[in-house]
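A short worksheet on the structure shown next.
Throughout, read-outs are computed from the coordinates displayed, never taken from laboratory work. On a predicted model such as this, the values are computed, not experimentally measured, just so you know. Please note: Cβ atoms are built from the backbone with ideal geometry, for glycine as well, and neighbour counts cover all protein chains shown.
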Amino acid sequence: MRSLTLVLLVTLSTLAFGQSTEAEKVNILHKQKFEWLISGKVDSLNALLAAEVNYVHSNGWIQNREEVLADMKSAKLQYKAVEVEDAQVSILENTAIVTGRGTFSGVMNGTAFSVKLLYTEIYVKVLGSWKLAGRHACKLP
């Protein structure tokens, strides 16, 4: 009985450690994505976005992958700073859900903005790599 309990404990610890490691990877990737948006690294963002991504902005825009990348290339929407104040990652099999809060600053169509957002991002693991499949943001007062 003791050896069964020990095996069970080791197995559960390994699973929990594996999930926290994946959560840490997704958290780092989700923050890195903001750096790519700020620095204009289109190729890095291109590799991260799933083909079917839905990107919902706090102003009501809903963009697909091509539209997000086109805005980055054209400088229609330029992020200048992103300060993540809080972010939590939950892992469920091959899906990661990030809920976060932060301040986003930039320029849209030549007009500066700074907005506090609450956001949710959905990442899916495809062939061993995390891909951003969905994002939704809403403004905070």
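Computed quantities for the displayed model
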| quantity | calculated |
| --- | --- |
| Net charge contributed by nearby residues that have their C-beta within less than 12 Å of residue 113 (K/R +1, D/E -1) | +3 |
| Gain on full stretching of the segment that runs from residue 94 to residue 74 - 0.36 nm per residue minus C-alpha separation | 3.9 nm |
| Segment residue 51-residue 125, length gained on full extension (0.36 nm per residue, minus Cα span) | 25.3 nm |
| Inter-site label distance for residue 59 and residue 85 at 7 Å from Cα along Cβ, in nm | 2.2 nm |
| DSSP beta bridges in the stretch 2-139 [antiparallel fraction, %, rounded to 5] | 90 percent |
| Length-normalised contact order of the chain in % [C-alpha pairs under 8 Å, at least 6 apart] | 22 percent |
| Per-residue HN-Hα couplings for the stretch 26-37 [Karplus 6.51, -1.76, 1.60; θ = phi - 60°; Hz; x = Gly/Pro] | 5, 4, 5, 5, 5, 6, 4, 4, 5, 5, 5, 5 |
| Loop sites in the stretch 32-141: GluC sites (Glu not before Pro), DSSP, at most 13 other Cβ within 10 Å | 93 |
| Helical contribution to [θ] at 222 nm, DSSP H n ≥ 4, -39,500 (n - 2.57), averaged over the chain, rounded to 500 | -13000 deg cm²/dmol |
| Neighbour-count ranking [beta-carbon atoms within 10 angstrom, fewest first] of 130, 61 | 61, 130 |
| C-alpha long axis of helix 65-74 to longest principal axis of the chain, angle in ° | 50 degrees |
| Karplus (6.51, -1.76, 1.60) ³J(HN,Hα), θ = phi - 60°, over the stretch 40-48, in Hz, Gly and Pro reported as x | x, 7, 4, 4, 5, 5, 4, 6, 7 |
| Theoretical FRET efficiency, 1/(1+(r/R0)^6), r = Cβ-Cβ of residue 67 and residue 41, R0 22 Å, to 0.05 | 0.80 |
